[in-house]
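J.: After the structure tokens below, expect a handful of questions from me.
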Amino acid sequence: MLELVNVDIKEFKQTIYEEYKKLFPDNERKSYRLLKHTYNRGITQIIKIVDNNKIIGFMLINKIENIQYLCLDYFAILPQYQNKGYGTKDLKLLKEQCGDYNGVYVEVERVRNDNTGEDKIKIRRAKFYENNDFYKLSFDLLLFSVEYSLYMLQTSNVKEDEEKITNDIFTIYNTIIGEKRVKKNCSIFGEKFEK
């Protein structure tokens, strides 16, 4: 039976962290220290994905009090379980369990349409989310010199305008990495975000 199971930072370190390091390149990973810090502050929720008592993947979700959107920060199925439908099933479970929120968003590296192997991976990733009821927001972000498109999974009947969604997303960023760093390293449509 497929389950999403919350784990603490100690279990993350013991059972998931090595896989996290293998599956995400250095420039995409947060340090263990930062993850522990945000976990201890109640921001990062660590979820192991279990099927018949075997860990098949994991999710790291960021949530901020009084914000109606969650950030699916990391989502991975272990290589030996990929391409077996687990990702789709996991996102359906996540949607069912997030009914108290208006949506879950994920950052996907922006497709540049340059026909490279890397671009094909980005296209496949974007299609995966689109095929699982995520829709692309109308703006892109530049975060620490990497361009991202944002995809939203609506989890309630409330559909807010993108200005509200954008404000909530930046509240999450400000809380996790700090307002000064956000102002310096994050922009929408190439313009610096000013609040």
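A short reminder: the numbers here are calculations on the coordinates, not readings from a lab. All of these numbers come straight from a predicted model, not from anything done at the bench. When we count neighbours, we look across all protein chains shown, and the Cβ atoms used for this are built from the backbone with ideal geometry, even at glycine.
J.: By how many nm would the segment from Val158 to Leu93 lengthen if fully extended, with 0.36 nm per residue of separation less the alpha-carbon distance?
T.: Gain in length upon complete extension: 21.5 nm.
J.: Sticking with this structure for a sec: Quick one: of the DSSP bridges fully inside segment 2-192, what percent are antiparallel, nearest 5?
T.: Details: 39 of 42 bridges.
Antiparallel bridges: around 95 percent, rounded to the nearest 5.
J.: Sum -39500 (n - 2.57) across every DSSP H segment of at least 4 residues in the chain, then divide by the residue count to get the 222 nm mean residue ellipticity, nearest 500.
T.: The per-residue figure over the chain is -10000 deg cm²/dmol.
J.: Using the Cα centre as the reference, give the magnitude of the dipole from point charges on the C-beta atoms of the chain (Lys, Arg: +1; Asp, Glu: -1; all else neutral), rounded to the nearest 20 debye.
T.: 580
J.: With a point put 7 Å past each Cα toward its Cβ, work out how far Lys21 is from Glu130 in nm, to one decimal.
T.: Using points 7 Å along Cα→Cβ, the separation is 3.7 nm.
J.: Under unit Cβ charges (Lys, Arg +1; Asp, Glu -1), what dipole magnitude, rounded to 20 debye, does segment 89-195 have relative to its Cα centre?
T.: 300
J.: State the Cα centre-to-centre distance between segment 114-155 and segment 25-84 in whole Å.
T.: For segment 114-155 versus segment 25-84, the Cα centre distance is 18 Å.
J.: Let me ask something else. Order these peptides, 77-84, 22-29, 145-152, 54-61, by their mean beta-carbon neighbour count within 10 angstrom, highest first.
T.: Going by the mean number of other Cβ atoms within 10 Å, highest first, we get 54-61, 145-152, 77-84, 22-29.
J.: Which semi-axes, in whole Å and largest first, does the equivalent ellipsoid of segment 2-192 have when worked out from the alpha carbon gyration tensor as the square roots of 5 times its eigenvalues?
T.: Square roots of five times the eigenvalues give 24, 20, 18 Å.
J.: Let me ask something additional. Does segment 77-167 come out rounded, prolate or oblate by the C-alpha gyration tensor, with a ≥ b ≥ c the root eigenvalues, rounded set by a/c under 1.5 and, if not, prolate when a/b is larger than b/c and oblate if not?
T.: On the way: a/c = 2.35, a/b = 1.11, b/c = 2.12.
Oblate shape, in that a/c is at least 1.5 and b/c is the bigger or equal ratio.
J.: Oh, and also: Apply 1/(1 + (r/R0)^6) to the Cβ-Cβ distance of Glu179 and Lys120, taking R0 = 41 Å, and write down the FRET efficiency to the nearest 0.05.
T.: About 0.65, to the nearest 0.05.
J.: If the chain between Lys36 and Gln82 were fully stretched, how many nm would it gain, using 0.36 nm times the residue separation less the Cα-Cα distance?
T.: Fully extending the segment from Lys36 to Gln82 adds 13.8 nm.
J.: What pairs in Lys13/Lys36; Lys63/Lys122; Lys63/Lys89; Lys48/Lys159; Lys84/Lys127 have C-alpha atoms more than 18 Å from each other?
T.: The pairs that break the limit, which is 18 Å between Cα atoms, are Lys63/Lys122; Lys63/Lys89; Lys48/Lys159.
J.: Please identify the trypsin sites (Lys or Arg not before Pro) of segment 109-143 that satisfy two criteria: DSSP loop assignment and at most 13 other Cβ atoms within 10 Å. Which are they?
T.: Those satisfying the criteria are Arg112.
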